[in-house]
Each structure stands twice: as structure tokens, then as C-alpha cells.
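Visitor: One structure, as C-alpha cells, below. Some questions next.
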């Protein structure tokens, strides 16, 4: 499932970096629209797997730090790919978004344990406040997927053991991207088992493919 998300992400970024700047209203537009559909599959899978990773990792701090480190590594390639500039402060890469979501569910999960003796409604209220604040943070920090990611991450956490019930809430959270339903649908095929993978390759794929697309875009001057 993760490699399906990688392919979707690559298609999406290729579309944004190399096709968007050359749209002419003809066949290229139709190709771009098709790539837009395929590109919407990635994010729901990545955010779903992030939450799954939270519940399965034994070292949450290392998970969080790794996301932040690769966020820093990926920022210049991301800016090159999305804006043909080395620095663009108005749009920051998805690694920072995932780190924020991970930190959010970690805090909320710890509070759930600390507040176990209190009415559960109080914990929900506090968690709603945290989500609201982090939605504002994500928007003001210009993180990729902004508040949509925060909301989806929260619902993935809340409905972790009843995921099918959570999909409608997640879908509503990014209703402007109707084809994201394809990605949410694919998460239903998850069997709870981790497939064979290489962690380093998984993390490097993001900055490396962005760097390649960014170099091509800047070389072509588009």
C-alpha cells in the first residue's frame, strides 16, 4: 500500500512540476486532470500509515525526530519542485505536516491516559481544542495539506479500531479533493501486517524524487 502511495505521489508531483506550468487548454489539460485523480490517492494512505506507525513503533521520539530531519532535508527540493525556487516560505513540505500530526496524536493519547478517571467528554473537549489550535498552526505555517491533515490525522486516531466508520469523517475533512476517496478506500485493504520494506529507501524517496523533478523544472525554466 505504501508503494502505491509513492507512485501516486510521484505522479502528482510530476504533474505539478512539469505539466501545470505548460497547460495549454488541450490534450495536456486532460492528461493533467487524469494525473490529478491518481495523485489524490497518496495522502490518505500516508496519513493512515502514520497513525498506524504511532501505535506500532516502540520509539515515538525517534519517529518524530526522523520526520523533522527529513522535513529539513526535503524543504529545498520541495521548493525547487513546486515553485522553481530554492526557497519558498509560503509552502512547506509534507514531512513537517506529518510531524505535527504525530505530535498531536501523541499528546492527545497521553492525555487520554492521564484523564482516564475523568468523564470522557472532558477528554474529547480538550482534544477538540488541541485540534483547533493545531489547525490554525498548520495554516499559518503554510504546511502541505494544512488543517485538512490535522483533522484527518485526528479522525484516523479516534477511529483507529473502527476505521470504516472514520472514513466519512476523513473524507469530509478534504471534501475539495473528491478523488481522495480512492486513497481512503485502499486503506480498507490493510490487514494489520507490515510488509517488507527498507526504511531508508522509504524516507529518501521523498526528497530524492523532489530534487530530480526540481532540477528538471529549473533546467527547463518552467
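Visitor: Would you check which residues across segment 187-222 are surrounded by 10 or more Cβ atoms within 10 Å (Cβ to Cβ), more than 21 Å from the chain's Cα centre (by Cα) and modelled with pLDDT of 90 or more and list them?
Guide: 215, 216, 217, 218, 220
Visitor: Then there's this: For segment 32-46, check the following and say yes or no: at least one residue is under 14 Å from the mean Cα position of the chain (by Cα), outside any helix (DSSP H, G or I) and within 17 Å of residue 149 (Cβ to Cβ).
Guide: Yes.
Visitor: Condition first: surrounded by 17 or more Cβ atoms within 10 Å (Cβ to Cβ), free of Cβ contacts under 8 Å to residues at least 60 places away in the same chain and either within 13 Å of the chain's Cα centre (by Cα) or over 20 Å from residue 139 (Cβ atoms) (or both). Now tell me which residues in segment 61-75 satisfy that.
Guide: Those that are surrounded by 17 or more Cβ atoms within 10 Å (Cβ to Cβ), free of Cβ contacts under 8 Å to residues at least 60 places away in the same chain and either within 13 Å of the chain's Cα centre (by Cα) or over 20 Å from residue 139 (Cβ atoms) (or both): 63, 64, 67, 71.
Visitor: OK, next. Could you list, in sequence order, the residues of segment 10-31 that are farther than 21 Å from residue 86 by Cα and surrounded by 17 or more Cβ atoms within 10 Å (Cβ to Cβ)?
Guide: 11, the sole residue that qualifies.
The values are calculated or read from the model by the stated rules, or taken from the named source; none is laboratory data. The shown structure was predicted, so the numbers you read here are calculated from the model rather than taken from an experiment. Neighbour counts run over all protein chains shown; Cβ positions are idealised from the backbone, glycine included.
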